Amino acid sequence: MITDEQSQRILDAVDAAFDAQLSFTQELVKHPSLRTKEGSAQELLHAAMAARGLAMDQWELDAGELSTHSGHGAVTVSYENVTNVVGTYQPVSGTGRSLILNGHVDVVPEGPAEMWSRSPWDAPIIDGWLYGRGAGDMKAGLAANLFAFDAVRAAGFDPAGRIHLQSVVEEECTGNGSLSALMRGYRADAVVIPEPEEDMLVRANVGVLWFKVRVSGKPTHPREMGSGFNAIDAAYTAIAALREVEEKWNTERANHRYFEDLDHPINFNFGGIVGGDWPSSVPAWCEFDVRAAVYPGISADRAWSELQECLANLGGGEKPISAVPTKTGFFAEGYVLEPGSDAEALLERTHAQVFGTELDTFTTPGYLDGRVFTLYADTPTLVYGPVSESIHGFDERVSVESIRRITKSIALFIAEWCGIDESTSPHQEN
């Protein structure tokens, strides 16, 4: 264990660089890193990591290669210029445990800009909150990883274990970014992902499936509607059938550890709908997009089969409905962070030292890239990050003081987990 004096040096180093950390986070938020448009944000992070003397690796995601892995998500966009960035610190001694500090740079669409109090990309700090799309989810966490690493070295120490700082894409839609990094060979003894988790540690989270359902109809003139078949009307019948599956899965929550006490852990979100070709024609088609949650321990294939069966059964009704689902993104299984790992025990200590309270854990009905490392690399993965509000909504924001404390906790975690040696050379940081 590191000494109290060493801990204080690291904590002081976080405070000394915190204004710079906030400025860097603001700059990162100002890059609208929407899906397939992450390039400028990734270049900023690449430059920041390179300036710290890390060994840099940047590569385009390969849809064909990803398709060979059971955990990949369906690819519906071009991956040209869609890249991951990894900076690797190699210790001189190499005697400590290794660590991945992971975060995603992609953000969800901002929605109608007029619904925001200010531009989604301005990143102001107001009354202790940093605003902007992606501020909480999760650019504050990406910066926290970088500046926590800085703090250990600025305090006069060299981490004794290998560290990979990862900025990945595709977390919001497929999980293929972190999966690509794993398939590229990046592994470690533990993983930290500072998602916006209200100063808590995620114990379990759901898997997620994305798919599109196409409903077919029979077009006629409105004066002959009775002889036609309205695909938009039929789409609502298909949605209702999927809602029945959603409610069935929710009634089974008592059978799934860590989900028993949640009121509604399984959520189906119907996130988009479009159909028809002409106001005066009975619509011949309708498509709607679905995000369906799945309990840990339920395979994506099993869940997909049940959803397919539900929609196929609509074809056998009194008025048969053709509703055909197609995968469009996430095909991801949920996971549980099993208690008792050395990594979790250490995070409990560093959290208590910084926050003065015990580390709480909770179950989230949202997707997390932690599943990649937990399910496919058998690695303890600590998803733990700052307090935020309105992620994926309007006026997204993250607590400044929570960022500070999370950064301190991660910095102490790095020092304890990897071990430290007294540094013999100065380090360049931004």
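Of the residues making up the stretch 89-114, just one is among the hydroxyl-bearing types (Ser, Thr, Tyr) and under 19 Å from Val383 (Cα atoms), namely Ser98. Among the residues of the stretch 376-389, write down those that are under 17 Å from Asp199 (Cβ atoms) and either part of a loop (DSSP other than H, G, I, E, B) or open to solvent by less than 20 Å² (accessible area, probe 1.4 Å) (or both). Correct list: Leu382, Val383, Tyr384, Gly385, Pro386, Val387, Ser388.
Would you confirm, using the coordinates I've provided, whether Thr88 is open to solvent by less than 60 Å² (accessible area, probe 1.4 Å) and modelled with pLDDT of 95 or more? Yes, satisfied. Restricted to the stretch 331-375, and to residues there that are assigned to a strand (DSSP E or B) and not hydroxyl-bearing (Ser, Thr, Tyr), the residue that is surrounded by the most Cβ atoms within 10 Å (Cβ to Cβ) is Ala332. Of all residues in the stretch 43-68, count the ones that are open to solvent by less than 40 Å² (accessible area, probe 1.4 Å), of a type outside the set (A, V, I, L, M, F, W, C) and closer than 25 Å to Ala377 by Cα. Adding up the residues that qualify gives 1.
Do we have any residue at all in the stretch 96-106 that's closer than 28 Å to Glu333 by Cβ, β-branched (Val, Ile, Thr) and outside any helix (DSSP H, G or I)? The answer is yes; a qualifying residue exists.
Within the stretch 28-56, the residues that satisfy the criterion of being part of a helix (DSSP H, G or I) and within 16 Å of Gly136 (Cβ to Cβ) are Leu28, Val29, Ala41. For residues in the stretch 68-87 being touching an Asp or Glu at 6+ places or on another chain (Cβ under 8 Å) and free of Cβ contacts under 8 Å to residues at least 60 places away in the same chain, which is nearest to Ile298 (Cα to Cα)? Out of the qualifying residues, it is Tyr79. Looking at Gly141, Gly134, Gly207, Gly217, just one residue is surrounded by 20 or more Cβ atoms within 10 Å (Cβ to Cβ) and in contact with a Phe, Trp or Tyr (Cβ under 6 Å, 6 or more places away or on another chain), and that residue is Gly217. Note on the stretch 390-406: among residues that are out of contact with any Leu (no Cβ under 9 Å at 6 or more places or on another chain) and open to solvent by less than 50 Å² (accessible area, probe 1.4 Å), the one that is farthest from Phe259 (Cα to Cα) is Asp395.
Suppose the filter is open to solvent by 20 Å² or more (accessible area, probe 1.4 Å), over 30 Å from Ala190 (Cβ atoms) and outside any loop (DSSP other than H, G, I, E, B); does Glu318 pass it? No, not satisfied. Val77 falls short of the stated requirement of being within 22 Å of the chain's Cα centre (by Cα), closer than 30 Å to Trp304 by Cα and open to solvent by less than 20 Å² (accessible area, probe 1.4 Å). Close Cβ contacts (under 7 Å, 6 or more residues apart or on different chains) running from residues in the stretch 236-265 that are closer than 17 Å to Val202 by Cβ and in a loop (DSSP other than H, G, I, E, B) to residues that are of a type in the set (S, T, N, Q) and at pLDDT 95 or above comprise Tyr258/Thr363; Phe259/Thr363; Leu262/Thr363; Pro265/Asn250.
Residues of the stretch 267-297 that are within 20 Å of the chain's Cα centre (by Cα) and of a type in the set (A, V, I, L, M, F, W, C): Phe268, Phe270, Val290, Ala292, Ala293, Val294.
The values are calculated or read from the model by the stated rules, or taken from the named source; none is laboratory data. Not measured: the values here are computed from a predicted model. Cβ: placed from backbone, ideal geometry, glycine included. Neighbour counts: every protein chain shown. Note: areas computed on protein heavy atoms with side chains; ligands, DNA, RNA excluded. Shrake-Rupley method; radii C 1.70, N 1.55, O 1.52, S 1.80 Å.
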